[in-house]
Amino acid sequence: MVHDLPSFLSYWSNARARTVRVLEALEPGDLDWAPAPGSFTFGDLLRHLAGIERYMWSECVAGRPSRYPGHGRELASDLLSLRAYLDRCHEEAITIFGNLTEADLQASCVTGAGARMAVWKCLRAMVEHEAHHRGQLYLMATLRGRQVAPLFGLTEEELKARASAP
């Protein structure tokens with residue numbers, strides 16, 4: 001449950017920053033790469049995350065219908081325009097989320113899929129959706145040989161080295 005909106009907004013901005021790390025590790029030729037024919041490319045996934053945060057999740061929690069524009073190249077076709085699109089969509093969504101009241105969090109909304117749920121649950125679903133696609137992006141970056149900063153600051157090896165023996 002989202003108990004404290006300012007804490008959630010900070011958490012959500014940090015979660016998005018972890019996703020943006022992948023974009024920052026990419027080279028121009030990576031944007032249109034997909035792991036298999038018919039799969040989303042890096043660009044597709046990042047445009048999807050930008051657009052769905054702003055035009056589906058934020059619209060839904062504000063009580064409006066989804067306006068999700070898809071993930072086409074016309075939205076942002078290079079690394080610079082993609083970063084600008086991600087940043088703009090995120091800033092606009094944060095503004096919408098920041099205007100929610102405690103009563104709004106308890107009210108219901110309708111998702112882009114037509115499901116009715118509490119606004120706080122919709123925000124939680126947004127976080128889960130982002131984490132799902134972030135995992136894809138990190139794996140894709142590994143397949144391309146790109147070094148992305150560890151998700152929470154330590155690699156598995158570093159965490160193991162710091163651990164106390166059982």
| task | May I ask you to list the residues of the stretch 9-41 whose amide nitrogen lies under 15 Å from a point 7 Å from Cα along the Cα→beta-carbon direction of Thr142? | result | 22, 35
| query | Taking a quarter of the surface of the Cα convex hull of the chain, what do you get in nm²? | reply | 11.5 nm²
| Anyone know which of Thr155, Thr19, Thr101 comes out most mobile in the 10 Å Cα GNM of the chain? | Thr155
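Please give me, ordered by residue number, the chymotrypsin sites (Phe, Trp or Tyr not before Pro) of the stretch 117-165 that lie in loop per DSSP and have at most 13 other Cβ atoms within 10 Å.
Values: sites: Trp120, Tyr138, Phe152; in loops: Phe152.
Sparse-neighbourhood loop chymotrypsin sites (Phe, Trp or Tyr not before Pro): Phe152.
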| said: For the chain, set up a GNM with springs between Cα atoms under 10 Å and report which of Glu59, Glu91, Glu74 has the largest fluctuation. | reply: Glu74
| message | I want to verify a result. In a Gaussian network model of the chain, Cα cutoff 10 Å, which of these has the top mean-square fluctuation: Met140, Met117, Met126? | response | Met117
| task | Pop out the ³J(HN,Hα) list for the stretch 92-98 in order, Karplus 6.51 cos²θ - 1.76 cosθ + 1.60 with θ = phi - 60°, rounded to Hz; leave Gly and Pro as x. | result | 5, 5, 4, 4, 5, 4, x
| field | Karplus 3J(HN,Hα) series, Hz, for the stretch 50-60 with 6.51 cos²θ - 1.76 cosθ + 1.60 (x for Gly, Pro) | value | 4, x, 6, 4, 6, 9, 10, 4, 5, 5, 4
| note | For the stretch 34-93 the trypsin sites (Lys or Arg not before Pro) that pass both the DSSP coil test and the at-most-15 other-Cβ-within-10 Å test are Arg67
| message | Relative contact order for the stretch 5-162: what percent, with Cα pairs under 8 Å and sequence separation of 6 or more? | response | 28 percent
| request: Please report, in debye to the nearest 20, how large the charge dipole of the chain is about its Cα centre when each Lys and Arg carries +1 at its beta carbon and each Asp and Glu carries -1 there. | output: 220 debye
| query | Once Lys and Arg get +1 and Asp and Glu get -1 on their Cβ, which of Pro150, Val61, Leu26 lies farthest toward the positive end of the dipole of the stretch 22-166? | reply | Val61
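Throughout, read-outs are computed from the coordinates displayed, never taken from laboratory work. Given the structure is predicted, the values throughout are model-derived calculations rather than measurements. With ideal geometry, Cβ positions are generated from the backbone for all residues, glycine too; neighbour counts draw on all protein chains shown.
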